[in-house]
Amino acid sequence: MIECLGLGKTFASAAEDLTILKDLELRVERGEALAIMGPSGSGKSTLLSILGGLDRPSQGSVRVAGIELAGLAEEALTDYRGATVGFVFQAHYLLKDFDALENVALPAYMAGMPRRRAFEKARSLLSDVGLVDRLHHLPSQLSGGERQRAALARAMVNDPPLLLADEPTGNLDATNAASVRDLVFALSKKHGTTIVLVTHDPHFADAADRSLELTGGGLRPR
Ligand code: ADP
Ligand code: MG
């Protein structure tokens, strides 16, 4: 599903160039759940951004689902994101004026799914994450754990082959973190989704199929 070869990322600034990723190698099988840990500032979010087509590598090759991302034009990169990637971040980024059902249905509807089907799909996913009796709650009327479960449902609504999750439980207490963690794995198993997730929680990382540590610009076994 993913193959990175000699991946490098350098941020240029007036003062100095900052090399964050260097000669990074990564292979992830289809359907695998990979966790990445590592100190703050080590480049975990940068790596996820590159895998998700939100940022570009400075060097090397990044193939995801058979697509080489390194040289892809902006429009093709947008298509890639829409067709291939679901994102969950530490913050939920739900739209505050839309209820849970609308928030989850919207990306499907925007991608061209008929309105009725988009809402059916959203309802079914919200049911999977235990929010079937919160469909018409606004984000402000949901708890932190519920918002993050809605964000997870939204990430899955277009059946992305790849789910990228950047500290999805970073803002949650232990009980809610455990619930989101279990749902991430349950939903992705159900849909055959490949996962790359970043976490500081060793329990989350241990529940993945494999976990690696990002340090010194590269990935090593933890
Ligand atoms: P992590 O997610 O592991 O905490 P990040 O990938 O967010 O780390 O950031 C890694 C390093 O790259 C940090 O030192 C950060 O300041 C730097 N960085 C990230 N994005 C940019 C950018 N757009 N421009 C310059 N430096 C950046
Ligand atoms: Mg980060």
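Calculated mean residue ellipticity at 222 nm for the chain: -11000 deg cm²/dmol, from DSSP H runs with n ≥ 4 weighted as -39500 (n - 2.57), summed, divided by the residue count and rounded to 500.
Based on the alpha carbons, how large is the Rg to Rh ratio for segment 54-158 when Rh follows Kirkwood?
Values: Rg = 15.6 Å, Rh = 14.8 Å.
When Rh is taken as the Kirkwood radius, the ratio is 1.05.
Measuring nothing but how far apart in sequence close Cα pairs (under 8 Å, 6+ apart) lie, relative to its length, the chain scores a relative contact order of 30 percent. Hydrophobic, long helices, defined as DSSP H runs whose alpha-carbon span along the helix axis is 18 Å or greater and whose mean Kyte-Doolittle value is at least -1.0, occur in the chain at 144-156, 174-191. Scaling against 2.2 N^0.38 Å puts the C-alpha radius of gyration of segment 2-221 at 1.02.
With the convex hull drawn around the C-alpha atoms of segment 1-59, the volume per residue stands at 86 Å³. Between segment 21-61 and segment 195-214, the alpha-carbon centres lie 13 Å apart.
What the Cβ-Cβ distance of Arg222 and Ser127 gives, at R0 = 22 Å and to the nearest 0.05, is a FRET efficiency of 0.05. Annotation: lysines with alpha-carbon distance below 22 angstrom to Lys9 (same-chain offsets under eight excluded): Lys22, Lys44.
Exposure proxy for Glu167, Glu68: other Cβ atoms within 10 Å of each Cβ, ordered fewest to most, give Glu68, Glu167. For the chain, the Cβ-based charge dipole about the Cα centre amounts to some 460 debye (Lys, Arg positive; Asp, Glu negative; other atoms uncharged).
The numbers here are math on the coordinates, done by the rules we state, and not lab data. What you are looking at is a predicted structure, and each value in this text was computed from that prediction instead of being measured. FYI the Cβ positions are ideal-geometry reconstructions off the backbone, even for glycines, and counts take in every protein chain you see.
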